[in-house]
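Here is the structure we will look at.
Every number here is computed from the coordinates shown, using simple stated rules; none is lab data. Since the model is a prediction, treat every value here as computed from it, not as a measurement.
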Amino acid sequence: MGKIKITCEEATTICSKAQYGEATFLEKIKLNLHFMYCKVCKVFSKQNSKLSTMCCMVKKQRELSKCCLSEEDKAKLKQQIKELEKTL
């Protein structure tokens, strides 16, 4: 079965794997046991999770902003609409 007690270095590795759904059931148990006596790793895990969430939010925001027209394109489109309105 292997050892149950893990080092902080192993805990950070498992923490990262767990965030991406790559940690095994046994690794998750070891990580939670480690959190019981190591508050530093527990705080690291929470901070790492928040950071990952924020990075995903920024990535989504950037993807959305790529879909928007530039100011120059917006101005051209407005001008074309005005010209079309004149012909109606």
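To the nearest 10 degrees, how steep is helix 8-19 against the longest Cα principal axis of the chain, on a 0 to 90 scale?
The answer is roughly 40 degrees.
Can you show me the helix-derived [θ] at 222 nm for the chain, built from DSSP H runs with n ≥ 4 at -39,500 (n - 2.57) apiece and divided by the number of residues, rounded to the nearest 500.
-27000 deg cm²/dmol
How far is helix 25-37 tilted off the main Cα axis of the chain, in degrees rounded to 10, range 0 to 90?
That works out to roughly 80 degrees.
Quick one: angle between helix 39-66 and the longest Cα principal axis of the chain, in degrees between 0 and 90, rounded to 10, please.
The helix 39-66 is inclined about 20 degrees to the chain.
Considering all alpha-carbon pairs of segment 8-87, what whole percent are spaced by more than 19 angstrom?
That tail contains 58 percent of the Cα-Cα pairs.
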